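Report on one structure; see the data block that follows.
Values in this text are rule-based calculations from the coordinates and carry no lab data. Every value quoted in this text rests on a predicted model; they were computed, and no experiment measured them. All Cβ positions, even for glycine, are placed from backbone atoms using ideal geometry, and neighbour counts span all protein chains on display.
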Amino acid sequence: MARIETALTRLLGIDHPIFTAPMSGIAGGALANAVSHAGGMGIIGPGADAASIRREVAAAGNARVAIGFITWRLERNPLALDVALETGPAAVLLSFGDSTAWFPRIRAAGCKIICQVQTLALARAALDAGADILIAQGRDAGGHSGAMRGTIGLVPAVVDIAGSVPVVAAGGIADGRGLAAALALGASGVSMGTRFTATRESLWSDGRKAAVVGGEGDQTVQTRIYDTLNDPDWPRTFPARMLRNPTFDRWEHKEAELEASAETERARFQATPPDDLSQRMVLAGEAVDLIHDVPSARNLVERIVAEAIEAMRRGAGSIRD
Ligand SMILES: Cc1cc2nc3c(=O)[nH]c(=O)nc-3n(C[C@H](O)[C@H](O)[C@H](O)COP(=O)(O)O)c2cc1C
């Protein structure tokens, strides 16, 4: 099949400029394996404990994969980075906070550093410290992201300061049109989370995948309510985008009340069945509109590349000299 070659594919030695985003409890070894074997870069999001890192790297088998960490969680369990580096990943991805203190250890292990940033300030800090690849993540993204910057404005602004460092676009991208648009903004590739949650290899339950397939971008909200009920340690600067559900409706505009009884409400919420989606919340980004099926990750990567090539050819066809 035709390919799209960029600074990112050359740097990582991959065929297609597509990352599957690290997503704890979703992007395990099976998904990373499938994406890497399809020619993209599979990134495991194992969480910061040694047992899950070893389990998911083993599940990735012989595939060359990267490992992603949430920076503020790594700070509480720094040995997790050593466990990850011992497995010889293609790269380590750090996100959510200033990650630069970790760079020397990653570089000393001969490993590439990918930094997911949500603002220009975080991008500048990562570039100054020598990141190999930046992911510019806009607030359209599913899961946690910055509250301020949208993808279409942030990506070219990061590209403009990144020099020869490849920039990957994240947030709101779920098909080949999104990949073509990211390339037009100067990015060298895309990182997709929401789209990959609804693949055969994703670790999510069928119920959660169905919620993504049936979801609409208009029904996504960026909120603190998710973390108040799940993990209040998340920094408030990174709210989570999720599909609106009855739990959100119950607390919308009553966040002060929720905070005041947070411990009781959290205990009550955590006692509900994990797959009861009338209560539990599903993280998803604005691109949920574009998701209509649950394909294999290989099928998805190939489809997105083919669609992007078609979109770029169509675009070029409208040029009149
Ligand atoms: C369900 C879900 C879980 C996520 N978990 C993580 C995570 O554990 N670590 C991380 O760095 N990013 C996480 N993200 C954010 C992704 O890295 C990525 O930036 C985002 O998915 C891109 O936007 P998109 O969802 O529109 O593709 C998650 C995203 C989703 C949708």
(Q) Could you identify which residue out of SER145, SER296, SER261 has the top mean-square fluctuation in a GNM of the chain using Cα springs shorter than 10 Å? (A) SER261
Q) If the chain between SER261 and ALA316 were fully stretched, how many nm would it gain, using 0.36 nm times the residue separation less the Cα-Cα distance? A) 14.1 nm
Q: Could you give the size of the charge dipole of the stretch 206-270 about its Cα centre, using +1 on the Cβ of each K and R and -1 on the Cβ of each D and E, expressed in debye and rounded to the nearest 20?
A: 160 debye
Q: Note down the magnitude of the dipole of the stretch 8-155 about its Cα centre, charges +1 on Lys and Arg C-beta and -1 on Asp and Glu C-beta and zero elsewhere, to the nearest 20 debye.
A: 60 debye
(Q) Using the Karplus curve 6.51 cos²θ - 1.76 cosθ + 1.60 with θ = phi - 60°, what ³J(HN,Hα) values do you get for each residue of the stretch 178-183, in whole Hz, with x for Gly and Pro? (A) x, 5, 4, 5, 4, 5
Q) Any idea what % of Cα-Cα pairs in the stretch 206-270 are farther than 19 Å? A) 34 percent
Q. Helix-derived [θ] at 222 nm for the chain: sum -39500 (n - 2.57) over DSSP H runs of at least 4, divide by residue count, nearest 500?
A. -11500 deg cm²/dmol
Q) When only Cα pairs under 8 Å and 6 or more residues apart are kept, what is the percent relative contact order across the chain? A) 17 percent
**Q.** Assigned charges on the beta-carbon of Lys, Arg, Asp, Glu; the chain dipole about Cα centre (debye)
**A.** 580 debye
(Q) For ILE135, what residues show an amide H to amide H distance below 5 Å, using hydrogens built from the backbone and excluding near sequence neighbours? (A) CYS115, GLN116, VAL117, VAL168
(Q) Given the options ALA187, ALA136, ALA260, identify the residue whose Cα lies farthest towards the positive end of the charge dipole of the chain (+1 on Cβ of Lys, Arg; -1 on Cβ of Asp, Glu). (A) ALA187
Q | Neighbour-limited loop hits for trypsin sites (Lys or Arg not before Pro), the stretch 221-266 (at most 14 other Cβ within 10 Å; DSSP other than H, G, I, E, B) | A | ARG236, LYS254
Q: Return, for the Cα atoms of the chain, the radius of gyration and Dmax in Å, separated by a comma.
A: 18.8, 67
**Q.** Residue of ASP289, ASP140, ASP160 that the Gaussian network model of the chain assigns the largest fluctuation, springs spanning Cα pairs under 10 Å
**A.** ASP160
Q) Taking +1 at the Cβ of each Lys and Arg and -1 at the Cβ of each Asp and Glu, which of ALA169, GLY146, ILE309 sits farthest along the dipole of the chain towards its positive end, judged by Cα position relative to the Cα centre? A) ILE309
Q.
How much of the DSSP bridge set in the chain is antiparallel, in percent, rounded to the nearest 5?
A. 20 percent
Q: Work out the FRET efficiency for ASN299 and ALA121 from their Cβ-Cβ distance, taking R0 = 51 Å, and round it to the nearest 0.05.
A: 0.85
Q) Looking only at PRO295, PRO17, PRO273, which one moves most when the chain is put into a Gaussian network model with springs between Cα atoms under 10 Å? A) PRO273
Q. Net charge near THR220, counting Lys/Arg +1 and Asp/Glu -1 over other residues with Cβ under 12 Å of its Cβ?
A. -2
Q: Go through ALA210, GLN270, ALA240 and say which Cα lies farthest out towards the positive end of the charge dipole of the stretch 206-270; charges sit on Cβ, +1 for Lys and Arg, -1 for Asp and Glu.
A: ALA210
Q: Restrict the search to the stretch 230-301; then list the GluC sites (Glu not before Pro) that DSSP places in a loop and that have at most 16 other Cβ atoms within 10 Å of their Cβ.
A: GLU252
